[in-house]
1. Note the angle between two axes, namely the Cα long axis of helix 273-292 and the longest principal axis of the Cα atoms of the chain, as a number of degrees from 0 to 90, rounded to the nearest 10.
2. Using per-residue counts of other Cβ atoms within 10 Å, averaged over each peptide, order 245-252, 288-295 from highest down.
3. Using a 1.4 angstrom probe with every protein chain in place, what is the largest-first accessible-area order of Leu351, Leu412?
4. Could you state the per residue volume, in Å³, of the convex hull enclosing the Cα atoms of the chain?
5. Taking the Cβ of Trp30 as the centre, find all other residues whose Cβ is under 15 Å away and add up their charges (Lys, Arg: +1; Asp, Glu: -1).
6. Over all alpha-carbon pairs in the stretch 486-562, figure out the percentage whose distance exceeds 22 Å.
7. Can you give the calculated 222 nm mean residue ellipticity of the chain, where each DSSP H run of n ≥ 4 adds -39,500 (n - 2.57) and the sum is split over every residue, rounded to the nearest 500 deg cm²/dmol?
8. Could you give the angle, 0 to 90 degrees to the nearest 10, between helix 469-487's Cα long axis and the longest principal axis of the Cα atoms of the chain?
Amino acid sequence: MGFLDGIMAALGGLGITALIALSPVRSTIWIRGIYGLCAIFCAAILGLSFTHLLHGGEAIRLTLPVGLPWTSAHFRLDALSGFFLIVISLGGVLASVFALGYGLHEPQPRRILPFYPPFLAGMMLVPLADDAFSFLVSWETMSLTSWAMVVSDHRGSANTRAGYIYLVMASFGTMMLLFAFGVLAGADGDYTFDATRGRDLPVWGAAAAFVLTTLGAGSKAGLVPLHVWLPEAHPAAPSHVSALMSGVMTKVAIYAFIRIVFDLVGEAAWWWGMPLLIQATATAFLGLLYALLQKDIKRILAYSTVENIGIVFFCLALALIFRAEALPGAAALALCAALFHTLNHAVFKSLLFMAAGAVLHATGERDIERMGGLIHRMPITAALFLVGSAAISALPPLNGFASEWLMFQSVLASPALSQPIARFMIPLAGAVLAISAALAAACFVRAFGIAFLGRARSDAATTAHETDRLSIAAMAASAALCVLLGILSPLVVEFLRPVAMLAVGGAMPDQSISPAPLSLIPINKTRSSYNGFIIFFFIIISSLCTAWVIHHTASRQVRKGPAWDCGYPDASPETQYSASSFSQPLRRVFASVLFQAREHVEMPVPGSTAPAHFKVTSRDPAWDLLFTPLSQLVMTVSVRLNVLQFLTIRRYLTLVFASLIVLLVVVALWN
């Protein structure tokens with residue numbers, strides 16, 4: 001059995017698991033059995049995909065006699081689809097192992113389990129699809145099953161609203177991709193990807209396909225201003241599903257963009273990358289500012305995903321520009337930075353959502369202002385959340401730093417471009433992303449410090465407890481991957497060589513020529529390099545030496561005294577630093593203009609014993625500038641078109657005849 005046959009067999013196993021999940025039985029063994037089978041099949045796909053890419057990632061095809069009556073379902077496994085299968089199946093393994101423990105606490109597991117295996121299968125079928133029909137069916141399977149899990153707790157009005165917004169945005173994205181495939185297929189109507197690659201598109205057709213793909217894939221990934229569903233849907237879903245949606249499903253959208261723009265569309269003009277560069281930079285910057293305003297821990301993580309998606313698309317825009325300018329080495333560097341960060345984000349964002357789920361189960365709270373002191377009651381979860389926070393903040397030697405370092409190295413390659421506007425805009429956008437990286441560190445210092453440090457801010461935080469062992473095992477595996485991917489980054493880059501050759505026709509330098517083992521070389525060994533292993537070794541040795549010196553030279557006498565309480569005699573948790581006070585300077589500098597953030601203070605009159613009230617309100621400009629006017633326009637047009645319901649038969653026939661004539665004219669012009 002070949003690699004693709006084995007993967008398809010494992011996907012069939014996920015389908016059988018979904019049928020088993022429809023059983024009316026509800027027991028611990030049944031719940032763990034479903035998640036256990038999902039973990040096993042995902043692990044099998046992970047192993048097959050990894051082995052295939054390790055052997056060069058040569059294209060393997062498979063045709064099945066299913067689908068439309070006049071065609072078949074085409075599937076293909078190559079280097080690009082193999083890499084994304086690794087990302088998806090790895091996330092599936094981690095989330096499924098976590099759910100072996102966490103899933104037992106779900107109040108209504110039968111609303112989750114029947115949709116969980118087909119959700120995994122749909123995500124994995126998208127990279128394998130080799131025709132538009134199979135692609136869109138798999139895409140819709142992924143979208144609808146995830147929507148069903150978002151609205152699993154349908155009694156909550158917020159969840160219902162989140163499901164509605166998600167469904168609308170998912171439908172919009174699918175429609176844009178449908179139009180993109182229609183443009184790529186042309187008048188011949190051959191929707192196989194092999195036929196699309198061989199078609200010579202006119203300039204307007206290629207540009208239209210690029211714009212439609214950016215809208216379709218960007219809406220699923222969370223590009224600003226199409227991100228509005230993401231902070232609503234991710235917190236509404238169960239935490240292991242949130243980990244998959246944020247850490248994995250957004251990567252399927254990245255795959256869709258790379259497959260269509262870099263593979264199917266063909267040669268692109270350099271200026272295509274400029275609007276995407278600006279949009280990606282705005283996405284990264286605004287995503288972190290959004291996150292800094294939140295107090296819901298899952299909304300913080302959801303908005304952080306928006307920022308990381310901006311980083312990935314920024315690198316893809318650079319790769320597009322470099323490829324159009326015939327700079328394959330720089331294009332490969334930018335593409336590898338995007339793919340590496342895609343993998344890294346899947347790992348550390350899954351870790352953070354799983355840790356947030358453990359905190360939610362232990363406290364019943366998502367508001368970090370009602371947590372505090374959890375490091376004493378959940379020390380393992382706190383340590384693992386800290387690793388994820390350091391990784392997403394791009395601190396060396398963890399994986400987030402390695403991929404973002406490659407991104408900035410690709411920015412430094414921009415002087416080789418021939419276009420002055422690109423040479424000006426790329427460093428400027430890189431400076432904005434550097435600010436975003438600093439904001440990311442501030443965001444997760446705030447999240448970890450308020451939630452885990454200090455004193456308990458509520459009774460729920462006081463009675464919190466550590467999560468189960470299986471959930472800890474999944475989080476520990478993710479944390480270990482954050483360390484290993486950062487230390488072994490040259491091996492990861494070398495592993496991505498077949499993907500870069502397929503997408504941009506170039507590759508990064510051979511990492512084996514580095515002067516020191518495990519040194520990452522972006523362009524050549526004489527310019528710059530990074531060695532995560534040396535940094536990791538230095539941190540370990542310096543920490544051990546510091547601990548030894550303190551242990552052997554410090555005084556063993558203990559002095560006890562009252563803790564500084566900011567001048568308040570009552571040691572109340574309310575005197576602690578809060579999430580709002582932490583973000584206040586940044587909120588006043590940026591959010592007051594960008595998000596219309598306003599502080600509302602109600603002070604009682606002198607002598608009154610009434611409490612003071614402080615409230616901060618903000619608005620997402622995407623709603624005010626785009627979606628609210630658009631919804632009003634749709635309602636207005638719908639009211640105007642309501643007269644079509646009351647036409648006579650003759651007028652209906654006339655309308656149908658006129659529509660037919662218009663369609664025939666369009667087809668004639670198309671040909």
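The values are calculated or read from the model by the stated rules, or taken from the named source; none is laboratory data. Given the structure is predicted, the values throughout are model-derived calculations rather than measurements. Ideal geometry is used to build each Cβ from the backbone, glycine not excepted, and the neighbour counts take in all protein chains shown. The accessibility values were calculated without ligands, DNA or RNA, using every heavy atom of the protein model including side chains. Shrake-Rupley method; radii C 1.70, N 1.55, O 1.52, S 1.80 Å.
1. 30 degrees
2. Values: 245-252: 26.4, 288-295: 23.6.
For the peptides 245-252, 288-295, the packing ranking is 245-252, 288-295.
3. Working: Leu351 0, Leu412 105 Å².
Result, largest first: Leu412, Leu351.
4. Numbers: hull volume 137.8 nm³, N = 671.
Taking only Cα atoms, the chain has a hull volume of 205 Å³ per residue.
5. Values: positive: Arg26, Arg32, Arg110, Arg111; negative: Glu106.
Combined, the nearby Lys, Arg, Asp and Glu give +3.
6. On the way: 1415 of 2926 pairs.
Value for the stretch 486-562: 48 percent of Cα pairs lie more than 22 Å apart.
7. Details: 26 runs with 428 residues, N = 671.
The per-residue figure over the chain is -21500 deg cm²/dmol.
8. With rounding to tens, the tilt is 80 degrees.
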